[in-house]
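What follows is a short report on a single structure.
The values are calculated or read from the model by the stated rules, or taken from the named source; none is laboratory data. This one's a predicted model, so the numbers in the text were calculated from it and none came from an experiment. Reconstructed Cβ throughout: ideal geometry from the backbone, glycine too, with neighbour counts over all protein chains shown.
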Amino acid sequence: MAAIYNNMETKSWKIKAYGYHDTFALDRASNHRETLIVVCNNGKTLAVDAPSYIYPALANDSGLVSESRLTRLDYLVVTHIDADHIGGLDTLLWAKYFGEQSKLNLITLPSIRDLLWDRLKGAFGHDRMEGSLSPKVFGDYINFFPVKWGAKSFIPGFGSIRVFNRSTKHSLHFDTLAFCLYDQKDKIIAGFSSDTPFDEELISFLAQPGGVIFHEAGAYRPLSSAHTHFSQLFTLSANIQKRMVLCHIPEVLEDDLRREIVAKDSSLRIADDFMPEHLVQSVGAKGLKEFFKADAVYPGTFDPFTYGHLDIVTRYLERYPKAKLCIMTGTNPRKKPVFSPDERIFLIKNSIPVNLRDRVEVRSDDGVIADYLYENTIPAFIKGVRDEADFVYESTLAALNSRLSGEPITLLVPQTDPSLTSVSSSNLKMLISLGINLNTYATSLVRESLRIRNMGQMLIGVTGGIASGKSTFCKELSSFGQKKDLKIHFINFDKFTRIILGSKDNVPLYFGIRQKIVDRFGRSVLNVDDTINHKKLGEIVFDDRNLLKELTDMMLEALLYLFSRELRGIGPGIVLVEGAIFIERELTELVDNNLIIINLPLSLQRKRLSERGFDADQIEHRISSQLTGSERVERGKIMQKGEYDRLFVTLEGEHSFNVENIYDLLFFEYGKRAKVVR
């Protein structure tokens, strides 16, 4: 049985993995593709699902022994109808029908068969070979081998299959089957989980003695209702971990997973161990890329990487569309770095725009940079200069470097954007502790990493419509977190408005803003004690989104000041910042673009506002002055676009959250971000 554990192969059968990621993998080379597992037994092949590349992957593998001369596929098991599991089915059917002039042998549930034909019949529902509209049916293309929950079914010439006794919990809307495969002597070959949240009953079924377990690890965070997070699999017994092979892995979590396997001394494996030999030889088992040849090196400490640095990179690459750039981070002996070289590399890579990343290499080297240029035949340095002092310093270094081996030239790139002249790593590290908005200094990823490293704080914006339960959510979670090692703090951004408008303290800042409000909206909004009447002001601004925006603009600078002052007085932990206007006023950068959005049905919002004493007209005015729930979600996604790994949680409906589950999720997110590299 050791042979099974070592290479998934015996004399009668073997298993090949052509990909092991989920559908969001960005690098489609090599194994960086959707999961595709093929079992070979008794001169026949059986594929588990049909991702988009199934036909070329199998057809180009000369090592596959199959009775199908073109597709090299004898049986296909379809576990469910998500696109990454059936995206290649159309091409496969055409190859069978036109190329082999045969039918596809399909193994699945009748319910899945019906959904598949609903999807296929638009293209396959008439006779394409005769160019007519003669109708075609499912059976014209497919030999259907039905399976049933909990039953074992025979696969001619191959073996048999037993399906788990119910659908996995991947979706409430369609069936998803998990199963075990057996050879012709009824000995188990392997179990396949398909897509599923962590399910001990299912794992018990798959873990039949002697079999290998292919299990998904597709969740991006714990507590997923659709997929399993790899952290949950470390809780299994050593015997099960020894037999388990992981697939459907998010590409962005693969390195985390590999580190955890080593750290926990686990025998869990990843399915890339079982790639076909021709793929291993051509690109390497870990997807080795071709040699990167840079045209210039941009050296620096980059502790951390700022928008000033990014400006130099983007201007160079846009000026020279075919050029490639190596960003070299080193250690300045005069400075104590906040981030390690590996952490700086991670932050830099994920700050580069996606469309430029294939032209940038990031590496660390504490040696003489000119030596690296000479050894790698790179002709030039790039250095940024912000002022006269920078220019004099860099010009002196350029003259010295020109005398070294290879006589490298130095391209001095002046900072021409006035908004970036004060941006530097030193200033960013100094200002981050003040709680001010530094969205012009660095990406959300960099700011968040620096904030957690220096102050131990992770910021999360909590937003939603009026009467959606934002404050209740934050208070309950904050109260729960006070009993835990990782504290959860709560800042009500909206209360700063009440301070500015209603504080009786003699603060000139507040009185100046109130005077502007009176000048714009009239003396009717002013109380006798020189505070602002919330109700009368609300009756004016909630009738018109533009007026509400104008009011917010009058107070915005003061609001940000009060927020930064309160943030400075809070200790380490997660900071929930409740704010109704974060998305409307594009202030999500203030919380490093981490968002929890709470949406309620309009009927429930109206009921709650009525209970607060608002009449029907006031209720409609307030609701119509704000974004709808769907608008808020869509705009929130747009604001996070291009930013690496931002938290985005939506809670829908009354009683839509479990405090303990949400705390566990945020605890995991905080820990992941504290490590920086992930």
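Please find, among Asn527, Asn492, the residue that is touching a strand residue (DSSP E or B) at 6+ places or on another chain (Cβ under 8 Å) and surrounded by fewer than 21 Cβ atoms within 10 Å (Cβ to Cβ). Lay out the reasoning, then the answer.
Numbers: Asn527 fails: touching a strand residue (DSSP E or B) at 6+ places or on another chain (Cβ under 8 Å).
Exactly one of Asn527, Asn492 is touching a strand residue (DSSP E or B) at 6+ places or on another chain (Cβ under 8 Å) and surrounded by fewer than 21 Cβ atoms within 10 Å (Cβ to Cβ), namely Asn492.
Can you find a residue in segment 374-387 that is surrounded by 13 or more Cβ atoms within 10 Å (Cβ to Cβ), touching a Gly at 6+ places or on another chain (Cβ under 8 Å) and among the aromatic types (Phe, Trp, Tyr)?
Yes, segment 374-387 contains at least one residue that is surrounded by 13 or more Cβ atoms within 10 Å (Cβ to Cβ), touching a Gly at 6+ places or on another chain (Cβ under 8 Å) and among the aromatic types (Phe, Trp, Tyr).
Matching residues to (1) within 28 Å of Leu172 (Cα to Cα); (2) out of contact with any Asp or Glu (no Cβ under 9 Å at 6 or more places or on another chain); (3) outside the structural domain of Phe158 (by TED's automatic domain parsing):
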residue: Val38; (1), (2), (3): yes, no, no
residue: Lys44; (1), (2), (3): no, no, no
residue: Ser68; (1), (2), (3): no, no, no
residue: Arg72; (1), (2), (3): no, no, no
residue: Lys96; (1), (2), (3): no, yes, no
residue: Asn105; (1), (2), (3): yes, no, no
residue: Pro110; (1), (2), (3): yes, yes, no
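Within segment 530-550, take every residue that is closer than 22 Å to Ser624 by Cα and of a type in the set (Val, Ile, Thr) and give me the one that is surrounded by the fewest Cβ atoms within 10 Å (Cβ to Cβ). Show your work before the answer.
Restricting attention to segment 530-550, the residues satisfying the condition of being closer than 22 Å to Ser624 by Cα are 533-550.
Narrowing the set further to residues that are of a type in the set (Val, Ile, Thr) leaves 540-541.
On the way: Ile540: 17, Val541: 21.
The qualifying residue surrounded by the fewest Cβ atoms within 10 Å (Cβ to Cβ) is Ile540.
Looking at this structure, is Glu578 in the same structural domain as Cys474 (by TED's automatic domain parsing) and touching a strand residue (DSSP E or B) at 6+ places or on another chain (Cβ under 6 Å)?
On the way: in the same structural domain as Cys474 (by TED's automatic domain parsing): yes; touching a strand residue (DSSP E or B) at 6+ places or on another chain (Cβ under 6 Å): yes.
Yes.
From Ser471, Ser426, Ser422, grab the single residue that is more than 30 Å from Asn599 (Cβ to Cβ) and in a helix (DSSP H, G or I).
On the way: Ser471 fails: more than 30 Å from Asn599 (Cβ to Cβ); Ser422 fails: in a helix (DSSP H, G or I).
Only one candidate passes the filter, namely Ser426.
Given (1) in contact with a helix residue (DSSP H, G or I) (Cβ under 8 Å, 6 or more places away or on another chain); (2) under 24 Å from Phe614 (Cα atoms), identify the lone condition not met by Leu486.
(2)
Can we say Phe667 is of a type in the set (Phe, Trp, Tyr) and modelled with pLDDT under 85?
It is false that Phe667 is of a type in the set (Phe, Trp, Tyr) and modelled with pLDDT under 85.
Within segment 629-643, track down each residue that is at pLDDT 85 or above and in a loop (DSSP other than H, G, I, E, B).
Within segment 629-643, Glu643 is the sole residue that qualifies.
Can Asn593 be described as farther than 16 Å from Ser625 by Cβ and modelled with pLDDT under 90? Give the derivation first.
Details: farther than 16 Å from Ser625 by Cβ: yes; modelled with pLDDT under 90: no.
Against the criterion (farther than 16 Å from Ser625 by Cβ and modelled with pLDDT under 90), Asn593 does not qualify.
When both residues are 6+ apart or on different chains and their Cβ atoms are under 7 Å apart, which pairs have a first residue that lies in segment 55-70 and is at negative phi, and a second that is surrounded by 14 or more Cβ atoms within 10 Å (Cβ to Cβ) and of a type in the set (Asp, Glu)?
Pairs that qualify, where the first residue is at negative phi and the partner is surrounded by 14 or more Cβ atoms within 10 Å (Cβ to Cβ) and of a type in the set (Asp, Glu), are Ser66/Asp74; Glu67/Asp74; Ser68/Asp74; Ser68/Glu100; Arg69/Glu100; Leu70/Glu100.
Looking at segment 606-629, can you tell me whether even one residue there is touching a strand residue (DSSP E or B) at 6+ places or on another chain (Cβ under 6 Å) and within 27 Å of Ile540 (Cα to Cα)? Before you say what the answer is, go through the steps one by one.
Let us first name the residues in segment 606-629 that are touching a strand residue (DSSP E or B) at 6+ places or on another chain (Cβ under 6 Å), namely 629.
Next cut, within 27 Å of Ile540 (Cα to Cα) only: 629.
Looking through segment 606-629, at least one residue is touching a strand residue (DSSP E or B) at 6+ places or on another chain (Cβ under 6 Å) and within 27 Å of Ile540 (Cα to Cα).
Residues to consider are Glu361, Glu318; find the one that is at pLDDT 85 or above and part of a helix (DSSP H, G or I). Working first, answer last.
On the way: Glu361 fails: part of a helix (DSSP H, G or I).
Only one candidate qualifies: Glu318.
Confirm whether Phe234 is surrounded by 17 or more Cβ atoms within 10 Å (Cβ to Cβ) and either on the phi < 0 side of the Ramachandran plot or at pLDDT below 95 (or both). Lay out the reasoning, then the answer.
On the way: surrounded by 17 or more Cβ atoms within 10 Å (Cβ to Cβ): no; either on the phi < 0 side of the Ramachandran plot or at pLDDT below 95 (or both): yes.
Against the criterion (surrounded by 17 or more Cβ atoms within 10 Å (Cβ to Cβ) and either on the phi < 0 side of the Ramachandran plot or at pLDDT below 95 (or both)), Phe234 does not qualify.
List the number of the failed condition for Asp303; all other conditions in (1) modelled with pLDDT of 85 or more; (2) outside the structural domain of Pro414 (by TED's automatic domain parsing); (3) outside any helix (DSSP H, G or I) hold.
(2)
How many residues are out of contact with any Leu (no Cβ under 9 Å at 6 or more places or on another chain) and either in contact (Cβ under 8 Å) with a residue 60 or more places away in the chain or closer than 15 Å to Pro56 by Cα (or both) if we restrict to segment 90-100? Give the derivation first.
Of the residues in segment 90-100, the ones out of contact with any Leu (no Cβ under 9 Å at 6 or more places or on another chain) are 91, 94, 98.
Then keep just the ones that are either in contact (Cβ under 8 Å) with a residue 60 or more places away in the chain or closer than 15 Å to Pro56 by Cα (or both); that gives 91, 94.
Qualifying residue count for the region: 2.
Does any residue of segment 616-629 turn out to be closer than 30 Å to Val446 by Cβ, in the same structural domain as Met455 (by TED's automatic domain parsing) and of a type in the set (Val, Ile, Thr)?
Filtering segment 616-629 for residues closer than 30 Å to Val446 by Cβ gives 627.
Filter once more, so that each one left must be in the same structural domain as Met455 (by TED's automatic domain parsing): 627.
When the remaining residues are screened for being of a type in the set (Val, Ile, Thr), the result is none.
Scanning segment 616-629 turns up no residue that is closer than 30 Å to Val446 by Cβ, in the same structural domain as Met455 (by TED's automatic domain parsing) and of a type in the set (Val, Ile, Thr).
How about segment 433-446: which of its residues are buried (at least 22 other Cβ atoms within 10 Å of the Cβ) and part of a helix (DSSP H, G or I)?
Step one: of segment 433-446, the residues buried (at least 22 other Cβ atoms within 10 Å of the Cβ) are 435, 438, 441-446.
Selection gives Ser444, Leu445, Val446.
Give the residues of segment 168-202 that are of a type in the set (Phe, Trp, Tyr) and touching a strand residue (DSSP E or B) at 6+ places or on another chain (Cβ under 7 Å), sorted by residue number. Lay out the reasoning, then the answer.
Initial filter on segment 168-202 (of a type in the set (Phe, Trp, Tyr)): 174, 179, 182, 192, 198.
Matches in segment 168-202: Phe179, Tyr182, Phe192.
Please verify whether segment 190-205 includes one or more residues that are in a strand (DSSP E or B), buried (at least 16 other Cβ atoms within 10 Å of the Cβ) and among the small types (Gly, Ala, Ser). Reasoning before the result, please.
Here is the first cut: in segment 190-205, the residues in a strand (DSSP E or B) are 190-192.
Then drop every residue that is not buried (at least 16 other Cβ atoms within 10 Å of the Cβ), which leaves 190-192.
Now drop any that are not among the small types (Gly, Ala, Ser), which leaves 190-191.
Yes, that holds for at least one residue.
Tell me, which helices (runs of 4 or more DSSP H) lie completely within segment 59-165 with 2 or more residues that are over 16 Å from Thr176 (Cβ atoms)? Don't jump to the end; show me each part of the working.
On the way: elements: 83-86, 89-94, 110-124.
Result: 89-94, 110-124.
How many residues, within segment 64-89, are out of contact with any Leu (no Cβ under 8 Å at 6 or more places or on another chain) and surrounded by fewer than 23 Cβ atoms within 10 Å (Cβ to Cβ)? Lay out the reasoning, then the answer.
Pass one, segment 64-89, residues out of contact with any Leu (no Cβ under 8 Å at 6 or more places or on another chain): 65, 67-70, 82-85, 87-88.
Right, trim to surrounded by fewer than 23 Cβ atoms within 10 Å (Cβ to Cβ) and you get 65, 67-70, 82-83, 87.
Total meeting the criteria: 8.
Search segment 126-137 for residues being in contact with a strand residue (DSSP E or B) (Cβ under 7 Å, 6 or more places away or on another chain) and modelled with pLDDT of 85 or more, and hand back the single one that is surrounded by the most Cβ atoms within 10 Å (Cβ to Cβ).
Among those that are in contact with a strand residue (DSSP E or B) (Cβ under 7 Å, 6 or more places away or on another chain) and modelled with pLDDT of 85 or more, it is Lys136.
Can you name the residue in segment 221-249 that is among the polar types (S, T, N, Q) and part of a loop (DSSP other than H, G, I, E, B) and is also nearest to Ile270 (Cα to Cα) among such residues?
Filtering segment 221-249 down to residues among the polar types (S, T, N, Q) leaves 224-225, 228, 231-232, 235, 237, 239, 241.
If we keep only those that are part of a loop (DSSP other than H, G, I, E, B) too, we end up with 224-225, 228, 235, 237.
On the way: Ser224: 20, Ser225: 22, Thr228: 15, Thr235: 17, Ser237: 17 Å.
In this case the residue turns out to be Thr228.
If you go through segment 310-334, how many residues are surrounded by fewer than 16 Cβ atoms within 10 Å (Cβ to Cβ) and farther than 13 Å from Leu356 by Cα?
The qualifying residues number 3.
List pairs: first in segment 101-116 and free of Cβ contacts under 8 Å to residues at least 24 places away in the same chain, second in a helix (DSSP H, G or I), Cβ under 9 Å, 6+ apart or cross-chain?
If the second residue must be in a helix (DSSP H, G or I), the pairs left are Asp114/Phe138.
Which pairs turn up if I take residues in segment 311-336 that are under 16 Å from Val362 (Cα atoms) and in contact (Cβ under 8 Å) with a residue 60 or more places away in the chain and look for partners that are of a type in the set (Lys, Arg) and assigned to a strand (DSSP E or B) with beta carbon separation below 9 Å, at least 6 apart in sequence or on another chain?
Ile312/Lys383
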